[in-house]
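Structure first, then comments.
Values quoted throughout were computed directly from the atomic coordinates according to the rules given, and no laboratory measurement underlies them. Just so you know, these numbers come straight off a predicted model, no measurement behind them. Counting neighbours? That spans all protein chains shown, and the Cβs are built from the backbone with ideal geometry, glycine included.
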Amino acid sequence: MKKLLLTISALTVLMTSCKKEVVSCIQMDNTTSSTTSPIVFTSCSENTLSYIWSFSGPAGAPANSLQFSEPIFDHTFTVPGTYTVELVAYERYSWIGDQSTATATFTIN
């Protein structure tokens with residue numbers, strides 16, 4: 001019985017110590033762009049499988065209601081101003097498990 005408890009304890013420590021931390025990271029090909037040029041957004045997150053990108057910008061900007069779930073995408077913003085992009089990266093598919101959030105700002109002229 002003592003060996004069984006030691007084995008279970010050792011397996012528990014081993015399994016929990018192998019879990020890797022979820023780290024969210026955003027890369028953009030430009031931090032300043034025009035209303036006619038797209039910006040490419042890339043998740044450089046670690047230990048993640050699903051993503052939710054969202055934006056906040058000038059009042060009334062159509063991008064304020066957009067969300068994307070791909071690790072890489074591009075978008076052309078039609079309203080000038082300063083925007084914030086938020087990326088929530090999840091450990092597993094379907095937006096479950098541990099998560100991490102990153103934000104970045106960019107300007108549209």
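Residue separation times 0.36 nm, minus the C-alpha to C-alpha distance between T35 and K20: what's the value? 1.5 nm is the gain from fully extending T35 to K20.
Prolate is the label for the stretch 29-109, because the ratio a/c of its alpha-carbon gyration tensor axes (a ≥ b ≥ c) is 1.5 or higher and a/b is greater than b/c. The relative contact order of the stretch 10-109, computed from alpha carbon pairs under 8 Å that lie at least 6 residues apart in sequence, is 33 percent. Our estimate of slack between T105 and C44, defined as 0.36 nm per intervening residue step minus the Cα-Cα distance, is 20.4 nm. Using a simple spin-label model with pseudo-atoms 7 Å out from Cα toward Cβ, R92 and S65 lie 3.3 nm apart. The residues packed around V40, meaning those with a beta-carbon under 14 Å from its beta-carbon, carry a net charge of -3 if Lys and Arg are +1 and Asp and Glu are -1.
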